[in-house]
Amino acid sequence: MHSYKLYGLSEEGQVLFGREVLAADFDEARAQADAALELADEVELWRESVRVYRRRKGA
């Protein structure tokens, strides 16, 4: 296993996040990072759903 440090960059080149993963090779490390990004997207969608629900409930 190797340690890989992967970074997500904005269009302007700013670091948005960093993640260190242990993987057998770079392709596996990239797959782990992609899975983490998908999960983060799902969490953000859930959070937005909660915000909308709370706004509607409060209105």
Notebook entry, point to check: Rounded to the nearest whole Å², what accessible area per residue is found for the chain with the 1.4 Å probe?
Noted result: 88 Å²
Item checked: Crossing angle, helix 26-58 versus the chain [Cα axis fit, 0-90 degrees, rounded to tens] -> 10 degrees
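Take peptides 5-14, 26-35 and line them up by average Cβ neighbours within 10 Å, highest first, as a rough protection proxy.
Working: 5-14: 9.3, 26-35: 14.0.
By packing density, highest mean first, the sequence is 26-35, 5-14.
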Next item on the list: Run the accessible area of the chain with a 1.4 Å probe and give the carbon-and-sulfur part as a rounded percent.
Entry: 53 percent
Next item on the list: Using the Cα centre as the reference, give the magnitude of the dipole from point charges on the C-beta atoms of the chain (Lys, Arg: +1; Asp, Glu: -1; all else neutral), rounded to the nearest 20 debye.
Entry: 720 debye
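Relative contact order, percent, of the chain when contacts are C-alpha pairs under 8 Å separated by at least 6 residues? Show your work: numbers first, answer last.
Details: 47 pairs, mean separation 14.9, N = 59.
Reported relative contact order: 25 percent.
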Checklist line | Selection from V43, Q32, G13 lying farthest towards where the dipole of the chain points positive, charges on Cβ | finding: V43
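The values are calculated or read from the model by the stated rules, or taken from the named source; none is laboratory data. What you see is a predicted model, and the numbers here were worked out from it, not measured in a lab. For neighbour counting, all protein chains shown are included, and Cβ atoms are generated from backbone atoms with ideal geometry for every residue, glycine included. Just so you know, the surface numbers come from the protein's heavy atoms only, side chains and all, with ligands and any DNA or RNA stripped out. Shrake-Rupley method; radii C 1.70, N 1.55, O 1.52, S 1.80 Å.
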